[in-house]
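Below is one structure, written out as structure tokens; the observations come after it.
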Amino acid sequence: SPYESYIAVAEALNRLTPGDHDKKSALFNSGAEAVENAVKIARKYTGKQAIVAFDHGYHGRTNLTMALTAKSMPYKSGFGPFAPEVYRAPGSYPLRDGLSGPDAAARAITLIDKQVGADNLAAVIIEPIQGEGGFIVPADGFLPAIADWCRANGVVFIADEVQSGFARTGAMFASDLFGIVPDLVTTAKGIAAGMPLAAVTGRAEIMDAAHVGGLGGTYGGNPVACAAALAALEAFENDGLVERAQQIEQLLRGRLEPLAAADPRIGEVRGRGAMMAMEFVDPETGAPDATLTAAVAKSAIAEGV
Ligand SMILES: *Cc1c(COP(=O)(O)O)cnc(C)c1O
């Protein structure tokens, strides 16, 4: 007997997330908890255990999600041992790998086939646009090729939209920008305008694989967080926030692209919607320049940004 507001949030998520198949949603407290539950659901549904995550990926700070997260410092260093049966594949980072989307996908799929094997693989989890990794936008065709391979091989495709979801990228979900329909979508951050709420939304037959009572938690979907989510979701839909994010992209590109054209220390301006980044590099080597990045951030703060 859940709260009515829990049902209303679940129905809204089922309607707004990519795809018009039958969906179900379960509510949790944090992005990491949503990711953990998506993995539990995928394992139960497939009867398999291995999970593939990607270079530069970020999925949270609990033990399993630390294992899924790529970067040691600051997220993992000294906090192991980490959960087993997590494997890492190369993603698509056009500035650095120079590969087309299909070529980057083929590289990842070859590695997955050789080092894991589809027979052992429950799920692939990926951020359609990577957040903590540096707002990395994959090359066109990368995500559809990975999603197609998952479908053909009985592997659950999980889109971690905890950071890229809810209008931020100029679409309701970043998956929409790439024309992919994930089997499961994890959401949090924007969902309730800062109140602790997170969700897993996915194909009804996959969500139903978990036995009754198998998923849950004391506070997940509590009525205060659900009320905040219903207000936030209404604003995303009715206050033109998707269009607003597109305007922010135009505004930022109009200022940042001329800067990049004039300054070789700016390696790239990239992103979608309000999720935009500039990558600073050493002009001689093209290597990331962390010192310059920190200096720019510091002076932006000093200027009141
Ligand atoms: C922030 C984030 C998480 C973890 O969310 P928390 O609410 O901090 O646990 C998971 N995945 C992505 C993509 C994130 O950006």
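So the values come out like this:
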{"item": "Test: PHE54 is within 14 Å of the ligand (Cβ to nearest atom) and either in contact with a strand residue (DSSP E or B) (Cβ under 7 Å, 6 or more places away or on another chain) or free of Cβ contacts under 8 Å to residues at least 40 places away in the same chain (or both)", "result": "yes"}
{"item": "Answer residue from the range 57-66, given it is surrounded by fewer than 24 Cβ atoms within 10 Å (Cβ to Cβ) and of a type in the set (S, T, N, Q) and is nearest to the ligand (Cβ to nearest atom) among those", "result": "THR62"}
{"item": "Checklist (1) farther than 21 Å from LEU13 by Cα; (2) touching a helix residue (DSSP H, G or I) at 6+ places or on another chain (Cβ under 8 Å); (3) among the β-branched types (Val, Ile, Thr) applied to VAL116, failing item", "result": "(2)"}
{"item": "Residue match in the range 208-215 (condition: under 21 Å from the mean Cα position of the chain (by Cα) and either at pLDDT below 95 or outside the structural domain of GLY19 (by TED's automatic domain parsing) (or both))", "result": "no"}
{"item": "Residue within the range 121-130 that is crowded, with 24+ Cβ neighbours inside 10 Å, more than 21 Å from TYR93 (Cβ to Cβ) and under 11 Å from the mean Cα position of the chain (by Cα) present", "result": "no"}
{"item": "Selected residue (criterion: nearest to the ligand (Cβ to nearest atom)) from residues of the range 1-39 that are acidic (Asp, Glu) and surrounded by fewer than 21 Cβ atoms within 10 Å (Cβ to Cβ)", "result": "GLU11"}
{"item": "Evaluation of LYS76 against (1) without any contact (Cβ under 8 Å) to a residue 12 or more places away in the chain; (2) away from the ligand (no atom under 16 Å from the Cβ) (one fails), failing number", "result": "(2)"}
{"item": "Options LEU233, LEU252, LEU259; residue that is part of a helix (DSSP H, G or I) and within 20 Å of GLY31 (Cβ to Cβ)", "result": "LEU233"}
{"item": "Verdict on ALA104 being more than 16 Å from ARG272 (Cβ to Cβ) and outside any loop (DSSP other than H, G, I, E, B)", "result": "yes"}
{"item": "Helices (runs of 4 or more DSSP H) fully within the range 139-221 counting 1 or more residues that are crowded, with 18+ Cβ neighbours inside 10 Å and within 16 Å of the ligand (Cβ to nearest atom)", "result": "142-152, 174-177"}
{"item": "Qualifying position, being over 24 Å from PHE157 (Cβ atoms), touching a residue at least 60 places away in the same chain (Cβ under 8 Å) and of a type in the set (Lys, Arg), among ARG203, ARG244, ARG255", "result": "ARG244"}
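The values are calculated or read from the model by the stated rules, or taken from the named source; none is laboratory data. All values reported here derive from a predicted model rather than from experimental measurement. Cβ: placed from backbone, ideal geometry, glycine included. Neighbour counts: every protein chain shown.
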